[in-house]
Amino acid sequence: MLKKFFLYIFFLTTFVYIKGQVLNTSPFSRYGIGEINTIQSAHYFGFGNITSPSSEPQYININNPASYASFIKYNPIYNVSLAGKSALYNSNYNNNETTSSGNNFGLNNLFMGLPITKNWGLVFGITPLSSQGYEVSSTVAFDTSTVSYIFKGDGSVNKLLIGNGFNILNKGDTTRISLGLNCFYLFGNLDRTSTVVYNNSNDYNSRIQYRSSLSGWGFDFGLQFFKRFKTASNNKLFLNLGANYSLSSDITTDNDFFAYTFKYNFSVQEFPKDTLAMENENSKNREKYIQIRNANLHKMDPIPVCKIPN
């Protein structure tokens with residue numbers, strides 16, 4: 001048991017570091033924090049994600065933490081799921097119809113369920129809350145040449161979760177009432193770039209990079225009721241009821257903005273030419289900014305400065 005536990009911790013740590021692998025392929029993920037992940041597991045996905053009343057000892061139902069109380073003692077549960085998507089998109093702009101497609105496949109979530117006692121179950125793990133992944137471009141005429149507008153985005157917001165479920169009334173397979181609580185930490189990065197590229201090698205291209213680092217806490221509550229009825233013909237009827245409620249989450253964001261101009265060498269290698277000044281010394285683009293700035297300061301008199309807030 002201890003060996004399996006440490007093996008799970010290893011895979012959990014690995015998933016945290018490769019959390020960006022499950023990228024979306026939808027242009028609609030450009031908005032907000034991306035496209036919300038609605039896939040919990042293959043088992044519940046087959047039921048249309050109708051999970052509030054579901055309570056099965058062999059499956060982990062994170063949508064209603066009260067279900068954790070149904071775990072069988074000495075029978076831990078490991079839940080690893082993969083998910084993928086294939087999509088075809090059509091657009092019609094100025095009577096110009098175009099099509100595009102996108103595919104992605106990867107690890108969707110990783111959970112472990114532990115039956116602590118007969119009436120107490122514990123779950124912890126990680127799953128993506130949302131993901132972002134798109135690349136949209138358009139080319140239009142500009143003077144005697146053309147100009148291309150390119151928009152890209154990737155990243156994900158992940159949910160690191162720990163939850164508990166308790167039976168407050170347990171009469172075996174006749175009547176059960178359960179309560180549960182999930183506590184989760186949200187974290188992740190969303191990167192977006194907007195690029196303007198001219199087909200004329202004498203023109204300066206431009207790019208704006210945005211990075212939002214998000215974090216926050218959240219809580220889910222769950223309630224379940226189970227009742228078995230006996231009929232005159234000795235047939236067994238079951239009633240399962242469930243309800244869950246999520247508190248609103250306050251998400252803190254640390255935004256990084258970086259803008260610069262550049263040219264292409266033989267339409268392949270990119271040479272940055274100038275950039276805005278930056279106040280955020282911890283920015284991942286700080287080194288790139290210093291390099292561009294030092295290469296161009298002697299050309300500027302006076303030196304322009306545009307401070308970007310943290």
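Among the candidates 25, 98, which residue alone is out of contact with any His (no Cβ under 6 Å at 6 or more places or on another chain) and free of Cβ contacts under 8 Å to residues at least 60 places away in the same chain? Lay out the reasoning, then the answer.
Details: 25 fails: free of Cβ contacts under 8 Å to residues at least 60 places away in the same chain.
Result: 98 is the single residue among 25, 98 that is out of contact with any His (no Cβ under 6 Å at 6 or more places or on another chain) and free of Cβ contacts under 8 Å to residues at least 60 places away in the same chain.
Which numbered condition trips up residue 45, out of (1) under 26 Å from residue 238 (Cα atoms); (2) at pLDDT 80 or above?
(2)
Looking at segment 28-51, I want the residues that are outside any loop (DSSP other than H, G, I, E, B) and have a partner that is among the aromatic types (Phe, Trp, Tyr) and at pLDDT 70 or above with Cβ atoms under 6 Å, at least 6 apart or on another chain. Which pairs are those?
Within 6 Å, the pairs are 29/134; 30/134; 43/59.
Quick one: is residue 196 over 30 Å from residue 70 (Cα atoms), free of Cβ contacts under 8 Å to residues at least 12 places away in the same chain and part of a strand (DSSP E or B)? Even if it seems obvious, please write down each step before you answer.
Working: over 30 Å from residue 70 (Cα atoms): yes; free of Cβ contacts under 8 Å to residues at least 12 places away in the same chain: no; part of a strand (DSSP E or B): yes.
So residue 196 does not fit the description; no.
Please verify whether residue 169 is under 20 Å from residue 225 (Cβ atoms) and of a type in the set (A, V, I, L, M), treating the condition exactly as stated.
yes
Within segment 137-145, is even one residue over 16 Å from the mean Cα position of the chain (by Cα) and on the phi > 0 side of the Ramachandran plot? I'd like the intermediate steps shown before the answer.
Taking segment 137-145 as the starting set, the residues that turn out to be over 16 Å from the mean Cα position of the chain (by Cα) are 137-145.
Those left that are additionally on the phi > 0 side of the Ramachandran plot: 143.
Yes; the residues of segment 137-145 include at least one that is over 16 Å from the mean Cα position of the chain (by Cα) and on the phi > 0 side of the Ramachandran plot.
This table checks each residue for (1) out of contact with any Pro (no Cβ under 7 Å at 6 or more places or on another chain); (2) within 24 Å of residue 243 (Cβ to Cβ); (3) among the charged types (D, E, K, R); (4) modelled with pLDDT under 75.
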position: 1; (1), (2), (3), (4): yes, no, no, yes
position: 4; (1), (2), (3), (4): yes, no, yes, yes
position: 79; (1), (2), (3), (4): yes, yes, no, no
position: 99; (1), (2), (3), (4): yes, no, no, yes
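Conditions (1) of a type in the set (Val, Ile, Thr); (2) in a loop (DSSP other than H, G, I, E, B); (3) modelled with pLDDT of 80 or more, marked per residue:
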residue	(1), (2), (3)
243	no, no, yes
254	no, no, yes
263	no, no, yes
284	no, yes, no
298	no, no, no
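Only one of these is more than 29 Å from residue 60 (Cα to Cα), among the charged types (D, E, K, R), touching a strand residue (DSSP E or B) at 6+ places or on another chain (Cβ under 6 Å) and modelled with pLDDT of 90 or more: 211, 192, 176. Name it.
Details: 211 fails: modelled with pLDDT of 90 or more; 176 fails: more than 29 Å from residue 60 (Cα to Cα).
Only one candidate passes the filter, namely 192.
Given 204, 198, which one is surrounded by 18 or more Cβ atoms within 10 Å (Cβ to Cβ), more than 30 Å from residue 54 (Cα to Cα) and in contact with a strand residue (DSSP E or B) (Cβ under 6 Å, 6 or more places away or on another chain)?
On the way: 204 fails: surrounded by 18 or more Cβ atoms within 10 Å (Cβ to Cβ).
Sole residue among the options that is surrounded by 18 or more Cβ atoms within 10 Å (Cβ to Cβ), more than 30 Å from residue 54 (Cα to Cα) and in contact with a strand residue (DSSP E or B) (Cβ under 6 Å, 6 or more places away or on another chain): 198.
Provide a single number: the residues in segment 80-104 that are under 19 Å from the mean Cα position of the chain (by Cα) and either closer than 14 Å to residue 115 by Cα or among the small types (Gly, Ala, Ser) (or both). Walk me through how you get there before you give the answer.
The first filter runs over segment 80-104 and keeps only residues under 19 Å from the mean Cα position of the chain (by Cα), leaving 80-87, 102-104.
This time we only want the ones that are either closer than 14 Å to residue 115 by Cα or among the small types (Gly, Ala, Ser) (or both), so: 81, 83-84, 86-87, 102.
Result for segment 80-104: 6.
Would you be able to tell me the number of residues in segment 118-174 that are of a type in the set (Gly, Ala, Ser), surrounded by 14 or more Cβ atoms within 10 Å (Cβ to Cβ) and without any contact (Cβ under 8 Å) to a residue 60 or more places away in the chain? Break it down stepwise before answering.
So the first thing to find is which residues in segment 118-174 are of a type in the set (Gly, Ala, Ser), and the list is 121, 125, 130-131, 133, 137-138, 141, 145, 148, 153, 155-156, 163, 165, 172.
With the extra rule that they be surrounded by 14 or more Cβ atoms within 10 Å (Cβ to Cβ), the set shrinks to 121, 125, 130-131, 133, 148, 153, 155-156, 163, 165.
Filter again for without any contact (Cβ under 8 Å) to a residue 60 or more places away in the chain, leaving 121, 148.
Count: 2.
Checking residue 258 against (1) exposed (fewer than 12 other Cβ atoms within 10 Å of the Cβ); (2) modelled with pLDDT under 85; (3) part of a strand (DSSP E or B); (4) among the hydrophobic types (A, V, I, L, M, F, W, C), which single condition isn't satisfied?
(1)
The values are calculated or read from the model by the stated rules, or taken from the named source; none is laboratory data. Because the structure is predicted, anything quoted here is derived from the model rather than measured. We place every Cβ from the backbone using ideal geometry, glycine too, and count neighbours over all the protein chains shown.
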